[in-house]
1. With the structure loaded, tell me whether B:Gly172 is part of a loop (DSSP other than H, G, I, E, B) and either surrounded by fewer than 22 Cβ atoms within 10 Å (Cβ to Cβ) or within 14 Å of another protein chain (Cβ to nearest Cβ) (or both) or whether it fails that test.
2. Please verify whether A:Ser70 is closer than 22 Å to B:Val116 by Cβ and modelled with pLDDT of 95 or more, treating the condition exactly as stated.
3. Residues in region A:17-38: is at least one within 27 Å of A:Ser109 (Cβ to Cβ), surrounded by fewer than 24 Cβ atoms within 10 Å (Cβ to Cβ), away from chain B (no Cβ under 14 Å) and in contact with a helix residue (DSSP H, G or I) (Cβ under 7 Å, 6 or more places away or on another chain)?
4. When region B:64-85 is examined, which residues are found to be in contact with an Asp or Glu (Cβ under 9 Å, 6 or more places away or on another chain), buried (at least 24 other Cβ atoms within 10 Å of the Cβ) and not in a helix (DSSP H, G or I)?
5. Answer yes or no: is there a residue in region A:46-69 that is of a type outside the set (Gly, Ala, Ser), touching a strand residue (DSSP E or B) at 6+ places or on another chain (Cβ under 8 Å), in the same structural domain as A:Pro111 (by TED's automatic domain parsing) and without any contact (Cβ under 8 Å) to a residue 12 or more places away in the chain.
6. Just one of B:Ala125, B:Ala99 is modelled with pLDDT of 95 or more, part of a loop (DSSP other than H, G, I, E, B) and over 13 Å from B:Tyr74 (Cα atoms); which is it?
7. Looking at B:Ser122, B:Ser115, which is the one that is surrounded by 24 or more Cβ atoms within 10 Å (Cβ to Cβ), free of Cβ contacts under 8 Å to residues at least 60 places away in the same chain and not hydrophobic (A, V, I, L, M, F, W, C)?
8. For A:Arg103, which of the numbered conditions (1) in contact with a Pro (Cβ under 9 Å, 6 or more places away or on another chain); (2) buried (at least 24 other Cβ atoms within 10 Å of the Cβ); (3) of a type in the set (D, E, K, R) fails to hold?
Amino acid sequence: MAEKTMVEAVRDALSDEMRRDERVFVLGEDVGGGGVFRATEGLRDEFGEDRCMDTPLAEATIVGASIGASINGLLPVAEIQFADFIHPAFDQIVSEAARLHYRSNGAWSCPITVRTPYGAGVHGGPYHSQSIEAFYAHVPGLKVICVASPYDAKGLLKSAIRDPNPVMFLEHKKAYRLFREEVPDEDYTIPIGVAATKREGDGMTLVTYGLMTRYSLEAAEEVRGDDGISVEVIDLRTVSPWDKDCVLESVRKTGKALIVYEDNISGGFGAEVAATIAQEAFDFLDGPVTRIASPDVPLAPYSGVLEEQILPNPQKIAAGIRKLAAY
Amino acid sequence: MVSVSDVPGAQGLSENQLRELYYEMFLARSVGERARMLSRMGKGPFAVTGEGHEAAQVGTAYAMTPGKDWALTYYRDLGVALTLGMTPRDLLLAHLARAESIESGGRNMPSHFSSVDLHIVSGSAPVSTQVPHAVGIALASKLRGLDEVAVVYFGDGGASVGDVHESMNFAGVHKLAVIFVCENNQYAISVPASKQAAVTDLSIRAQGYGFPGVTVDGNDVLAVYSVAKEAVGRARNGDGPTFIEAKTYRLVPHTSDDDDSRYRSREEVAEWAKKGPLVRFAAWLEENGVVSKDEIGETEAKAMAEIDAATEYAEAAPAPDPATAMRHVFVEEE
């Protein structure tokens, strides 16, 4: 077992799956040369350009052709260079990939994986920073995964590729090289739709995903030292389907819920979590279900000063924990 | 003895094959008429059909190998679906949203053809989204070493959609076995071709993507078959895509919810009806001694009997069980 970055873990999952199943292939812009984040580096050398295929720069057709290839027996893994550029493919994902199985009464299926780097905090400006999970979590027929750790990335990407349904696999770009962790060399999968309780506690449930998991853990540690507040941190890992049971069980234990996400607050995925808690665990609540997220401005401004002003960070999360704990 | 196959224009087809072409065309026309009639009777909420497009549809589909080659249709393609092997019963079950419908079991609108066995891929309603699927299917055929051909259909309005252009570019770059068939009926609902494109022949666009494009008289089934056969041959040989533009005319409103008299004169429609693909082909068959008037009548009676039986069957077939409405959002685990 070695310590790896998340981008290395993604690469390992891709090459493992391509070795394991010859139906798996990768396509997208610049993937042949390794891609802008180097996630596909070495794949063309090992598997040839047919299985690590550079496509014309046309996102709708990268996804649309993936759908077709999956209909004809292959397991495509499409890379969209930045989540901010996926919008031309929205129709293919929502109208086609997500609905093909249902509209054909189960006759056809669409086992594609769409990988894309998302998220802010890297001075990416308004077009290299977006969070897109809420758009797709809204759509029945899609599975949506948000990863920001090496271990989760490898195990969940393998599950995504093997899943018989279309899966959106969102990789937080700031987490690509932010830290290393132990990643087993051997094959393992993490089930889609299962959250991870990253830290146990009994004073409050903090529900999060993506890069905010790391920030929330930092914040939880900070408040424990300062104030003795015990926070249970749950990383959803998958936003659709999401692990309601895990969240509700924790809230019923702690009586308080703080939801932290990087996306704009209004209509963000955390709103769904908040509504579910309010409806399903109302009798157990000992404080308002609270959200910390980015305000409703286009994510994210280019200037580091402006970006820092907007995005949640460990300090803002710690402040939110203290406020809710004091309620 | 000179056989009809040697008659100029017969494209080497036998008498039986020529009769079969007529049968499929008449069937497509009449299933469409039946579907619209059932809607007017309040038996199906909606009908979208393709009367007038029969030569473009049957002529191209007849050049394919059913169950091997892939068809990605759009909502007018009754003639494609029937020629490849779907039946009037399949189409009318879908029209009435019956549980048994192989298209969708009542989930999708009618005329969204689908058959896994026949490689007719389920379609949607956003225009031209099926076109990139043909590219992906052909890409998979190439990677898997299969000599299948993917034929994708869309209209003149659909030809304006970015997905078509992206797909033609992709297919050209990778020299894929895709045939792009544009059924140009000169109207996108009410919008005339002149407001859809600045060129007269859409087929010239193929040049810009590095493969041949051909415009054919889409009301002449033998001419359409001839260009389709050549395109299928090229694709199967690994010589890449072809764009076929079949110029034709829709003889009916866009859908059961459209009134085409608000945008085109009755005289114009009547003029085109005289040049329709069925009258033309019937005349050709008679002139070349393939069939007599009586035989045409017999063929049509046989098709109508099939449609009547299908109608009766579909009307009696049960609607979907409401308890199944939540099924098939995701693939169900074994």
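The values are calculated or read from the model by the stated rules, or taken from the named source; none is laboratory data. Predicted model, so just to flag it, every value in this text is computed and none were measured. Virtual Cβ from ideal backbone geometry, glycine too; neighbours counted across all protein chains shown.
1. no
2. On the way: closer than 22 Å to B:Val116 by Cβ: yes; modelled with pLDDT of 95 or more: yes.
Criteria met by A:Ser70.
3. Within region A:17-38, one or more residues are within 27 Å of A:Ser109 (Cβ to Cβ), surrounded by fewer than 24 Cβ atoms within 10 Å (Cβ to Cβ), away from chain B (no Cβ under 14 Å) and in contact with a helix residue (DSSP H, G or I) (Cβ under 7 Å, 6 or more places away or on another chain).
4. Scanning region B:64-85 gives B:Asp69, B:Trp70, B:Ala71, B:Tyr74, B:Arg76, B:Asp77.
5. Looking for residues that are of a type outside the set (Gly, Ala, Ser), touching a strand residue (DSSP E or B) at 6+ places or on another chain (Cβ under 8 Å), in the same structural domain as A:Pro111 (by TED's automatic domain parsing) and without any contact (Cβ under 8 Å) to a residue 12 or more places away in the chain, one finds none in region A:46-69, hence no.
6. Step by step, each of B:Ala125, B:Ala99 is checked, and only B:Ala99 is modelled with pLDDT of 95 or more, part of a loop (DSSP other than H, G, I, E, B) and over 13 Å from B:Tyr74 (Cα atoms).
7. Details: B:Ser115 fails: surrounded by 24 or more Cβ atoms within 10 Å (Cβ to Cβ).
Only one candidate passes the filter, namely B:Ser122.
8. For A:Arg103, the exception is condition (1).
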